[in-house]
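Single-structure report; data block below.
Derivation of every value follows stated rules applied to the coordinates shown; laboratory data play no part. What you are looking at is a predicted structure, and each value in this text was computed from that prediction instead of being measured. Every residue, glycine as well, gets a Cβ built from its backbone with ideal geometry; the counts of neighbours run over all protein chains shown.
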Amino acid sequence: MISKKKKEALIKKNRVHKTDTGSSEVQIAILTERINQLAEHLKKHSKDTHSRRGLLTLVSQRRKHQKFVEKKKTKVANKKGAVAVKK
């Protein structure tokens, strides 16, 4: 569980505008912190399968947000006239 102070610091660091608390960038930062904490937990408690399933769910959610941000950046770049490079 992320402490309130840690979460506020993550939001401040990754927000897009002053009142932003839920943009994809902020959510990715929060999910990353939760994933790191859960990974540490699983190093100590390797047989905790319920937490492992939760970790996989968080990783999946973060991957979806990252794909969205990447698409959004590509669309913005295309609107500005830049050429998108395929990976």
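What the table shows:
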quantity	calculated
Partner aspartates and glutamates for Lys6 [C-alpha distance under 12 Å; skip if fewer than 8 residues away on the same chain]	Glu33
Sparse-neighbour loop sites [trypsin sites (Lys or Arg not before Pro); the stretch 38-72; at most 14 other C-beta within 10 Å; DSSP]	Lys47
Residues His17, His41 arranged by fewest to most Cβ contacts within 10 Å	His17, His41
Chain lengthening between Ser3 and Lys72 when straightened (0.36 nm per residue, less Cα-Cα)	21.8 nm
Rg in Å to one decimal, and Dmax rounded to a whole Å, for the chain via C-alpha atoms	16.1, 52
Loop-located trypsin sites (Lys or Arg not before Pro) in the stretch 1-40, at most 12 other Cβ atoms within 10 Å (DSSP)	Lys18
Nearest 10 degrees, 0 to 90: helix 49-79 Cα axis against the chain principal axis	10 degrees
Dipole magnitude (debye, nearest 20) for the stretch 4-69, charges at Cβ of Lys, Arg, Asp, Glu	80 debye
Rounded to 10°, Cα long-axis angle of helix 24-44 versus longest principal axis of the chain	30 degrees
Helix 4-14 vs. the chain, principal-axis angle (Cα, 0 to 90°, nearest 10)	20 degrees
Given charges at Cβ of Lys, Arg, Asp, Glu: the chain dipole, positive-most of Ile11, His45, Ser23	Ser23
Cβ-based net charge around Ser46, under 15 Å, with every Lys or Arg adding one and every Asp or Glu removing one	+3
